[in-house]
Amino acid sequence: MSGLPEIRNYIDGRLQAPAGDQWLDVYEPATGHVYGRVADSNEVDLEQAVAAARQAQPAWRTAGAEARAGWLNALATEVENRIETLAQAESRDTGKPLALARSMDIPRVAANLRFFAAAATQFASEAHPMGDAGVNFTLREPHGVVGCISPWNLPLYLMTWKIAPALAAGNCVIAKPSELAPASASLFAEICIAAGLPPGVLNILHGHGPGIGQAIVEAPAIRALSFTGGTRTGARIATTVAPSFKKLSLELGGKNPSIVFADCDFERTIEGVLRAAFANQGQVCMCGSRILVERSLYARFRDALVARTGALEVGDPLAPQTDQGALISAAHRDKVLGYLDLARQEGGRVLCGGEAVRPDAARCRDGWFVSPALIEDLAPACRSNQEEIFGPVATLLPFDDEDDAVALANDVPYGLAASVWGRDIGRCHRVAARVEAGMVWVNCWMVRDLRTPLGGTKHSGVGREGGFEAMRFFTEPKNVCVSYE
Ligand code: NAD
């Protein structure tokens, strides 16, 4: 025993230590110190989890949609009863402001569970009558055992965004949260136990991505895989599973444009673009990290945005006034600072921020904080404008007209999200239609309706999550044709 809190696996309804007794350190980004250790699972843990899931699946499948909805709602109630505990765990693991975890991340966990509880009961088969000849009906059958691999930036929010539809559709699940932010998944396991979820229906394996993550990807018994994370990891997973024809959903990175026209509602747009750039320290896949502004408004918009960005409070995630917490790891902080050096080399002018910060709070002296940065004067094609930084860094680019804005917006390998800001609603519609992205917000950002498809084009992924898209992904259609003759 190390004396540190231990985050164990959840297999067959029980919390258990990893079979190989291997553990990884878990850090608190705000302090830069280790606070616990998490299981680093191996093939033996995976075999146990797969066996438990296989055993549980027939009963889970035949229990019916109403019963599965009941379980998901029961889990949601338990989450709602523990919002503060879960929010504290996520803030400690990720460095995000506690207020954000409390108001956004954890309520969304409960919303995911309730939404897919309802979806389970509303998801229906299609029928295609063939006149006098007969009828087709298309069953939607669960795959059996599925894998759900999620990242650290919105830990339980994104894990439940996958496991809720998977379970609602009648699958049993092997989930792997990020090893960088595993605590809330472990609390969720405790919730499953408290709610009496049948053993084996959900199994949570912790550990390194290239180790247990890769093993989950390769496991023949896992028939479908839903992954959210980096584009490079997604490419590796796609290559691995291609010969096995496993069903695959990939939600990957982005380099999303916020497109600002001169006729926008100025205050509302500054507010929205600021939030889009720096929410969760810029560590949301939908963050608007390229701010494109019509030239006639550029200088005024830039100056106002710099003033607002400079006023953001970087500090202890536990302090109520903190706008910007810590970055997830020392390595990630160094990567972000490395991009700022690169941007300077590429001719960029850093208008504000971009420095390693030591907040006033004594406990945060060794934490991984970076002040939010805005950069201008960079060529659209340079690396800082093309590669995902996934931190509190946004670039500013002027554009001349609608065509120019669309060309700049689309001139990246990614195609996840975009926002368009302006009062000429016809033009906003035209731009939304021409932008290469899976999601476009007009005069808003990150307004979510869980029924809508979520995902990206180009290097931002394959497939869509959300609503019935997710229910379809987690089921296999089987058409049955009945002859009347
Ligand atoms: P990551 O790719 O490093 O890791 C994501 C998950 O995959 C983790 O659980 C990790 O352990 C696991 N993993 C790593 N290597 C693996 C492998 N070889 N096989 C199987 N699993 C493996 O990503 P991250 O740093 O945790 O997350 C940040 C990235 O996620 C960013 O690029 C961000 O844009 C993206 N993201 C996308 C969305 C979306 O909806 N499109 C949402 C959130 C985050």
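The values are calculated or read from the model by the stated rules, or taken from the named source; none is laboratory data. From a predicted model like this one, the values you see are computed outputs, not experimental measurements. Heads up, the Cβs are rebuilt from the backbone with ideal geometry, glycines too, and the neighbour counts pull from every protein chain shown.
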For ALA56: the one exception among (1) more than 19 Å from ILE204 (Cα to Cα); (2) in a helix (DSSP H, G or I): (1)
When residues of segment 268-306 are limited to those that are of a type in the set (S, T, N, Q) and farther than 21 Å from ARG102 by Cα, the one farthest from the ligand (Cβ to nearest atom): SER296
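Every residue, every condition in (1) among the aromatic types (Phe, Trp, Tyr); (2) surrounded by 15 or more Cβ atoms within 10 Å (Cβ to Cβ); (3) at pLDDT 95 or above, yes or no:
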{"site": "PHE301", "(1), (2), (3)": "yes, yes, yes"}
{"site": "ALA304", "(1), (2), (3)": "no, yes, yes"}
{"site": "GLY310", "(1), (2), (3)": "no, no, yes"}
{"site": "GLY315", "(1), (2), (3)": "no, yes, yes"}
{"site": "ALA319", "(1), (2), (3)": "no, yes, yes"}
{"site": "ALA326", "(1), (2), (3)": "no, yes, yes"}
{"site": "LEU342", "(1), (2), (3)": "no, yes, yes"}
{"site": "GLN345", "(1), (2), (3)": "no, no, yes"}
{"site": "GLY354", "(1), (2), (3)": "no, yes, yes"}
Selection count where residues are crowded, with 19+ Cβ neighbours inside 10 Å, out of contact with any strand residue (DSSP E or B) (no Cβ under 9 Å at 6 or more places or on another chain) and assigned to a helix (DSSP H, G or I), scope segment 192-205: 0
Segment 144-160, subset within 16 Å of GLY461 (Cα to Cα) and not in a loop (DSSP other than H, G, I, E, B), residue farthest from the ligand (Cβ to nearest atom): CYS148
Search result, residues across segment 209-263 that are part of a loop (DSSP other than H, G, I, E, B) and under 18 Å from the mean Cα position of the chain (by Cα): GLY229, GLY230, LEU252, GLY253, GLY254, LYS255
Condition met for ALA279 (part of a helix (DSSP H, G or I) and surrounded by 19 or more Cβ atoms within 10 Å (Cβ to Cβ)): yes
Of all residues in segment 86-109 being among the small types (Gly, Ala, Ser) and surrounded by fewer than 21 Cβ atoms within 10 Å (Cβ to Cβ), the one that is farthest from LEU318 (Cα to Cα): SER103
Filtered residue count, segment 237-255, keeping only those that are in contact (Cβ under 8 Å) with a residue 60 or more places away in the chain, surrounded by fewer than 21 Cβ atoms within 10 Å (Cβ to Cβ) and within 10 Å of the ligand (Cβ to nearest atom): 0
All positions within segment 168-182 that are near the ligand (Cβ under 7 Å from one of its atoms) and outside any loop (DSSP other than H, G, I, E, B): LYS176
Subset of segment 256-271 [buried (at least 22 other Cβ atoms within 10 Å of the Cβ) and touching an Asp or Glu at 6+ places or on another chain (Cβ under 7 Å)]: VAL260, PHE261
Qualifying residue in segment 42-50 (condition: over 15 Å from HIS206 (Cβ atoms) and not in a helix (DSSP H, G or I)): no
Unique match (being among the acidic types (Asp, Glu), touching a residue at least 40 places away in the same chain (Cβ under 8 Å) and not assigned by TED's automatic domain parsing to the domain that holds LEU154) among ASP334, ASP341, ASP303, ASP366: ASP366
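Residue-wise test of (1) out of contact with any Asp or Glu (no Cβ under 9 Å at 6 or more places or on another chain); (2) under 30 Å from ALA120 (Cα atoms); (3) among the small types (Gly, Ala, Ser).
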{"position": "LEU396", "(1), (2), (3)": "no, no, no"}
{"position": "ARG423", "(1), (2), (3)": "no, no, no"}
{"position": "VAL440", "(1), (2), (3)": "yes, yes, no"}
{"position": "GLY455", "(1), (2), (3)": "no, yes, yes"}
{"position": "SER460", "(1), (2), (3)": "no, yes, yes"}
{"position": "GLU465", "(1), (2), (3)": "no, yes, no"}
{"position": "GLU469", "(1), (2), (3)": "yes, yes, no"}
{"position": "PHE473", "(1), (2), (3)": "no, yes, no"}
{"position": "LYS478", "(1), (2), (3)": "no, yes, no"}
Count of segment 183-236 residues which are in contact with a His (Cβ under 6 Å, 6 or more places away or on another chain), more than 9 Å from the ligand (Cβ to nearest atom) and closer than 24 Å to PRO29 by Cα: 0
Count - residues of segment 93-123 that are over 12 Å from ASN280 (Cβ atoms) and not in a helix (DSSP H, G or I): 1
Exclusive hit being in the same structural domain as ILE216 (by TED's automatic domain parsing), more than 16 Å from the chain's Cα centre (by Cα) and closer than 25 Å to GLY213 by Cα, set PRO142, PRO155, PRO129, PRO97: PRO142
